1. For the chain, what number results from the quotient of the Cα radius of gyration and 2.2 N^0.38 Å?
2. Test of understanding: given the chain, find the longest segment containing no chymotrypsin sites (Phe, Trp or Tyr not before Pro) that are in a DSSP loop and have at most 15 other Cβ atoms within 10 Å.
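Rule-based calculations on the coordinates, nothing more; no lab input. As the structure is a computational prediction, the values presented were derived from the model and not from experiment. Cβ atoms come from the backbone with ideal geometry, glycine included; neighbour counts cover every protein chain shown.
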Amino acid sequence: MAMNTTNPLEKAASTLRQHTDRGWMAIRADVFSHALAMFRPSAPVRGVHGAGEFFLAADVLVAHLRDALDAIPRAGVSRITCTTDADHNLEAVTVEIIALYRARLVPLAEMIRHRAAELLVQVLGLSPEQLRDVPVHVGVTDVTNDAALL
């Protein structure tokens, strides 16, 4: 496709579009295979509501938990993981936090557990009996005196 133009920028862009670098041709298959390998679908987590059972992506559950826990003062969530069994039933939730210096850690962990439990009931429809079987582990991974880092 030839272009008749007097604009040097358009001419340069047109020339570059027609050129394929040999280096790119040599590595493009590797780049695409690495990109595809990086995609990992989120594990399903089983929930229940009036119409029956459903599956929720663990990434979606983690996002809901993170939003709910952001409101807790003196702590910031650094990581949340969900563990499920072979049938995709939630077995445990682990919440890693950054705590504000001098925060009382035991009451802080209890607030996190309580709020996470409320959300699990709301989102997954867990009954109080089922909730007792799903521990919420809270770990402190860092402590800071800068509330902006939470």
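1. So the Cα radius of gyration is 1.66 times the expected 2.2 N^0.38 Å.
2. In short, 40-100.
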